[in-house]
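The values are calculated or read from the model by the stated rules, or taken from the named source; none is laboratory data. What you see is a predicted model, and the numbers here were worked out from it, not measured in a lab. Here the Cβ positions follow ideal geometry from the backbone for every residue, glycine too, while neighbour counts run over all protein chains shown.
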Amino acid sequence: MERDPVAAESRRTAPSPSIVLRELGRFVRFMLGEMRPRGRLLTPFNVLTGAIVLVTIGLLVIRFTHGLGSITNLSQDSPWGLWIGFDVITGVAFAGGAYVLSFIVYVLGQERYRPIARVTILNGFLAYVFYAGALLLDLGRPWKVVNPIIGNSFGVSSVMFLVAWHFLLYMIAEFVEFSPTIAEWAGWPRLRRRLHALTLGAVVFGITLSILHQSGLGALFLMARDKIHPLWYSQFIPILFFVSSIFAGLSMVIFEGTITHKVFHERVGDRLEQTYPDILTGLARICAATMFVYLFLQLLVFVHGQRWTYMRTGWGAWYLLEMAGLVALPIALFLHGHVRRNLAVIRAAAILTLAGIVLNRLNVSVIAYKWYAPVPYVPSWQEVVVTLGVISAEIWVFRWIVNRMPVLDRALPSPAPRARGRAVPAPATR
């Protein structure tokens, strides 16, 4: 007689080795089927981005064999260039939609935004993975990036150390948030339920990390008071970076959502199709409100710093273009689009907002950084191509996932049923 009934029950319910091997074989066959390309390969987009990625690979071989100076215009006087200013500083702001929308859906309980939660979290996760990966390209000795993780020379008083840990932990949190979608796609219902139970904790943890590192990126520039033009430097840069990440992320959600809605229309679920106009008008209202707060803070900094004299210079005109044309004007457009339910106006406002974020972050990190230098830094064509290559690779991965996983509010049947041991063909997609 079995003395331990718990152990006996666990042995009866535990899968046998033959079942494990059968399931493993099923999953391997399923993955091989999913790796096959879908649709035409020789499209204009594939040819263009493929050429960019191939050139990027060649340039990176040169960079890692001959150093940064072989393909960049970086120097001791200008150690941070396009790869930091755009790929990291700007890219992280664009990824802010993930933590904002997670807060709206999972914490505030605004269910009307749930249809775009999965795709927004996916966008945020891929942005952090690729832009954090792009950071390695800018490091002189990239293999030492593990030092903050393994405890070799912990710089606990360094803002960069904190941002590095925030990036790592936030990517893990976003992966946990998205993991139920992966389990649903792979046909693992039990694992999906367990991962779904972790979602709320991962969301709260991720929101906390986002607030810290969005402002932490701004805190990096607090020590560069004498190097940044006075029109863009203030002790409130961390707060401005955090507030701007809210409407920057939501504007990217509007922009990417518009493209995704058209390109992947066959994958769009009925609920998302029906509520899409309401979602966009709601996001427009949030963007307008947060942009007004941002503009008010900028005006306070401007008046308190007594920066009127700089407005008579070319830098003043450049600053006015950013504040009036790419902040104040989008606020008016967002409000008009929300009241009139004009989606075209909302999309135009989102594009102007994204342009304003790019300009502001590049002004702080590149353009107005060492504005007094006799020979300003200008990125080389190789730096531009590598940046385009990173973006192209991210789009490829995003497209692969959306074409296969239930991301756009469509709960697909299990692609790998246990009964037959093979994957069910997914509906034809582009």
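A few remarks follow.
- Residue within the range 206-227 that is closer than 30 Å to W308 by Cβ and touching a Lys or Arg at 6+ places or on another chain (Cβ under 7 Å) present: yes
- Just so you know, in the range 217-244 the residues that are assigned to a helix (DSSP H, G or I) and aromatic (F, W, Y) include one that is nearest to I89 (Cα to Cα), and it is F241.
- Whenever a residue of the range 276-293 is in a helix (DSSP H, G or I), its partners that are surrounded by fewer than 18 Cβ atoms within 10 Å (Cβ to Cβ), lying with C-beta atoms within less than 7 angstrom and at least six residues away or across chains, give the pairs P277/R341; P277/L343; D278/R112; I279/R112; L280/L343; T281/R341; G282/R112.
- Among residues of the range 387-398 that are over 24 Å from R36 (Cβ atoms), those with a Cβ under 7 angstrom from a residue that is part of a helix (DSSP H, G or I) and of a type in the set (D, E, K, R), sequence gap 6+ or separate chain, pair up as T387/D87; V390/D87.
- Candidates F175, F94, F86 - the one that is surrounded by fewer than 23 Cβ atoms within 10 Å (Cβ to Cβ) and aromatic (F, W, Y): F175
- Residues in the range 89-115 that are assigned to a loop (DSSP other than H, G, I, E, B) and either under 30 Å from Y372 (Cα atoms) or in contact with a helix residue (DSSP H, G or I) (Cβ under 6 Å, 6 or more places away or on another chain) (or both): 3 in all.
- Yes/no for F296 being at pLDDT 95 or above, within 28 Å of the chain's Cα centre (by Cα) and surrounded by fewer than 13 Cβ atoms within 10 Å (Cβ to Cβ): yes
- Comparison of A350, A373 shows that the only residue that is in contact with a Pro (Cβ under 9 Å, 6 or more places away or on another chain) and of a type outside the set (S, T, Y) is A350.
- No other residue among H265, H229 is out of contact with any Ser or Thr (no Cβ under 9 Å at 6 or more places or on another chain) and under 28 Å from L280 (Cα atoms) apart from H265.
Here is a yes/no grid of residues against (1) acidic (D, E); (2) under 30 Å from T65 (Cβ atoms); (3) in contact with a Lys or Arg (Cβ under 8 Å, 6 or more places away or on another chain); (4) at pLDDT 90 or above:
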| position | (1), (2), (3), (4) |
| --- | --- |
| S102 | no, no, no, yes |
| V105 | no, no, yes, yes |
| L108 | no, no, no, yes |
| R112 | no, no, no, yes |
| P148 | no, yes, no, no |
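- Within the range 46-83, considering residues that are among the small types (G, A, S) and crowded, with 17+ Cβ neighbours inside 10 Å, the one nearest to V366 (Cα to Cα): G81
- Residue selected from the range 12-45 under the condition modelled with pLDDT of 70 or more and among the hydroxyl-bearing types (S, T, Y), by the criterion nearest to V402 (Cα to Cα): T43
- Just one of (1) within 26 Å of V327 (Cβ to Cβ); (2) without any contact (Cβ under 8 Å) to a residue 40 or more places away in the chain; (3) of a type outside the set (D, E, K, R); (4) part of a helix (DSSP H, G or I) fails for T208. It is (1).
- Residue check, L101 hydrophobic (A, V, I, L, M, F, W, C), touching a Pro at 6+ places or on another chain (Cβ under 7 Å) and under 28 Å from R399 (Cβ atoms): no
- When residues of the range 372-386 are limited to those that are in contact (Cβ under 8 Å) with a residue 40 or more places away in the chain and hydroxyl-bearing (S, T, Y), the one nearest to G187 (Cα to Cα): S380
- In the range 255-269 there is no residue that is of a type outside the set (S, T, N, Q), out of contact with any helix residue (DSSP H, G or I) (no Cβ under 7 Å at 6 or more places or on another chain) and closer than 30 Å to A373 by Cβ.
- For beta carbons closer than 8 Å, sequence separation of 6+ or different chains, a first residue in the range 180-201 that is surrounded by 15 or more Cβ atoms within 10 Å (Cβ to Cβ) and a second that is outside any helix (DSSP H, G or I) and of a type in the set (K, R), the qualifying pairs are W185/R404; G187/R418.
- For the range 66-83, filtering for residues that are farther than 17 Å from T387 by Cα and not in a loop (DSSP other than H, G, I, E, B) leaves 1.
- Out of F86, F125, F45, F130, one residue alone is without any contact (Cβ under 8 Å) to a residue 12 or more places away in the chain, under 30 Å from L250 (Cα atoms) and either assigned to a helix (DSSP H, G or I) or more than 24 Å from the chain's Cα centre (by Cα) (or both). It is F45.
- Among the conditions (1) over 30 Å from N403 (Cβ atoms); (2) crowded, with 19+ Cβ neighbours inside 10 Å; (3) touching a residue at least 60 places away in the same chain (Cβ under 8 Å), the only one that P230 does not satisfy is (2).
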